[in-house]
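Structure record follows, encoded as structure tokens.
The values are calculated or read from the model by the stated rules, or taken from the named source; none is laboratory data. The structure displayed is predicted, hence computed values, not measured ones. Don't worry about glycine lacking a Cβ; one is built from the backbone with ideal geometry, like all the others, and counts go over all protein chains shown. For the accessible areas, the whole protein counts, side chains as well, though only heavy atoms, and no ligand, DNA or RNA atoms are used. Shrake-Rupley method; radii C 1.70, N 1.55, O 1.52, S 1.80 Å.
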Amino acid sequence: MPHAIAIIGAGLAGLAAARRLTAAGRAVSLFDKGRGPGGRLSTRRAGDWRFDHGGQFVTARDPAFQAVMAGLLRAGHAARWDGRIVRLESDGGISPHPVERFVGTPGMNGLIHGLAADLPAACAPRWGTRVAAISGGPGDWHLQGEDGGDLGHFGRLVLAIPAPQVVELLRIPAPALAEQAAAAILAPCWALMLGFAGPVPDIGWDAAFIAAAGGEDRPLSWIAHDGAKPGRGGAASWVAHASPDWSQRHLEETADQVTGPLRAAFAAATGIDAAPAFIAAHRWRYALPSRPLRDGFLFDETLGIGVAGDWCLDARAEAAFLSGHHLAGVMGAA
Ligand SMILES: Cc1cc2nc3c(=O)[nH]c(=O)nc-3n(C[C@H](O)[C@H](O)[C@H](O)COP(=O)(O)OP(=O)(O)OC[C@H]3O[C@@H](n4cnc5c(N)ncnc54)[C@H](O)[C@@H]3O)c2cc1C
């Protein structure tokens with residue numbers, strides 16, 4: 001009977017679970033389809049530009065996550081972001097938005113690099129490995145890769161991936177868990193990346209939340225000068241996130257189709273209308289939970305299957321960490 005625990009997804013939730021399970025002496029195998037560390041805290045490089053096109057910063061309010069952040073700060077994988085962060089009001093006003101925020105260094109995926117590097121070598125994530133199917137039953141779960149390849153037999157499983165992907169993988173082996181996961185809704189987000197050849201004029205702020213006028217939709221919800229974050233070297237790399245409603249309406253368009261209107265909205269909000277030397281858009285089909293479960297995690301002890309992710313708790317990166325951390329507390333003790 002296999003004893004090891006397989007964790008599918010090495011984002012913040014999967015790594016939090018791996019950390020706590022290995023600390024409790026459990027053997028863990030981690031699989032992630034991404035080519036490298038990141039998940040929704042990914043960083044894209046193009047020339048000298050570096051873009052945090054997913055999660056832009058994290059907050060740390062819970063002592064368990066604060067302790068982990070302190071370790072990442074000490075090891076140089078993270079830094080406090082004391083940038084000029086504001087809220088652009090719908091009446092044209094600008095108000096400060098002071099909250100303690102942290103970023104990964106030299107990109108947001110520094111957080112994932114740091115957490116993965118802390119695991120015992122035998123539990124290092126296997127990047128570029130998508131779990132395509134789960135079969136078997138309690139005590140002997142079999143994972144199959146994309147090409148039908150055998151990824152091994154495991155006593156228990158943790159799925160730390162977005163809800164729709166949980167539904168797909170658990171529909172047959174664990175239909176009740178799949179049904180619970182199906183209740184969560186994740187909203188999409190189109191992310192625009194702009195790289196400028198020279199410095200752009202100082203516009204008085206480094207990042208801004210964009211308020212919606214009463215009942216009206218706005219194309220953008222967030223703009224940031226990523227190059228001004230700590231450890232980025234000041235490159236003129238900017239990211240703009242489209243609002244959930246706008247992203248939903250334009251979800252099936254191509255990146256080429258959305259860059260024009262998003263760039264126009266960026267120019268209107270910032271006054272920066274210089275031609276970018278680099279422009280790209282990335283579609284996050286499942287970006288942030290608009291209807292999280294609030295349960296913290298899902299766990300079926302009889303099946304030996306746990307499920308974690310931000311969507312089990314709240315729409316922030318810290319919630320992803322806490323979800324995996326709390327699930328592992330239960331599974332490590334069981
Ligand atoms: C555009 C955007 C902006 C955001 N802004 C913020 C912000 O400013 N502040 C904040 O706190 N949060 C923000 N977030 C949310 C934050 O990024 C997430 O809450 C957090 O990263 C989720 O972590 P996770 O581990 O739950 O999921 P993920 O990061 O999605 O990790 C899941 C992992 O599973 C892997 N995977 C999926 N399916 C499979 C499979 N079948 N087999 C193997 N591997 C698989 C994926 O490659 C991925 O690495 C933002 C997210 C987005 C997309």
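Data table
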quantity: Of the DSSP H helices in the chain, those whose Cα atoms cover at least 18 Å axially and whose Kyte score averages -1.0 or more; calculated: 255-270, 317-333
quantity: Accessible surface of the chain, 1.4 Å probe, proportion on carbon and sulfur as whole %; calculated: 52
quantity: Calculated over the stretch 48-99: convex hull of Cα atoms, volume per residue (Å³); calculated: 133
quantity: Accessible solvent surface per residue of the chain, calculated while the other protein chains remain in place, 1.4 angstrom probe, Å²; calculated: 43
quantity: Summed residue charge, Cβ within 14 Å of G107's Cβ, Lys/Arg positive, Asp/Glu negative; calculated: +3
quantity: Measure of compaction for the stretch 1-152 (Cα Rg per 2.2 N^0.38 Å); calculated: 1.25
quantity: Under the Karplus curve 6.51 cos²θ - 1.76 cosθ + 1.60, θ = phi - 60°, whole-Hz ³J(HN,Hα) for the stretch 284-299, x wherever Gly or Pro sits; calculated: 9, 5, 10, 8, 9, x, 8, 9, x, 6, 6, 7, x, 6, 10, 8
quantity: Largest-first ellipsoid semi-axes for the stretch 196-334, taking √(5λ) over the Cα gyration tensor eigenvalues, angstrom; calculated: 37, 18, 14
quantity: C-alpha center-to-center spacing [the stretch 1-31, the stretch 33-102] in angstrom; calculated: 25
quantity: Euclidean distance of C-alpha centroids, the stretch 215-244 and the stretch 128-154, integer Å; calculated: 38
quantity: For the stretch 190-247, the spread of Cα positions along each principal axis, largest first, Å; calculated: 38, 22, 19
quantity: Within the chain, percent of DSSP bridges classed antiparallel, to nearest 5; calculated: 75
quantity: D (Stokes-Einstein, µm²/s), Kirkwood Cα radius, the stretch 173-219, 1.567 mPa s at 4 °C; calculated: 81
quantity: Amide H contacts of H53 (H built 1.01 Å from N, under 5 Å, at least 5 apart or other chain); calculated: R44
quantity: Largest-first principal axis extents, alpha carbons of the chain, Å; calculated: 63, 41, 35
quantity: Counted charge near D314, where neighbours are those whose Cβ lies closer than 15 Å (Asp, Glu -1; Lys, Arg +1); calculated: +1
quantity: Interchain or long-range residues, amide H under 5 Å from G152's placed H; calculated: L143
quantity: Helix-only CD estimate at 222 nm, as mean residue ellipticity for the chain, using -39500 (n - 2.57) per DSSP H run (n ≥ 4); calculated: -7500 deg cm²/dmol
quantity: Convex hull of the stretch 257-330 built on C-alpha atoms - directionally averaged projected area, nm²; calculated: 7.5
quantity: Sorted largest first, extent of the stretch 102-191 alpha carbons per principal axis (Å); calculated: 42, 35, 23
quantity: ³J(HN,Hα), Karplus 6.51/-1.76/1.60, whole Hz, each residue of the stretch 176-187, x for Gly, Pro; calculated: 5, 5, 4, 5, 4, 5, 5, 6, 7, 10, 10, 8
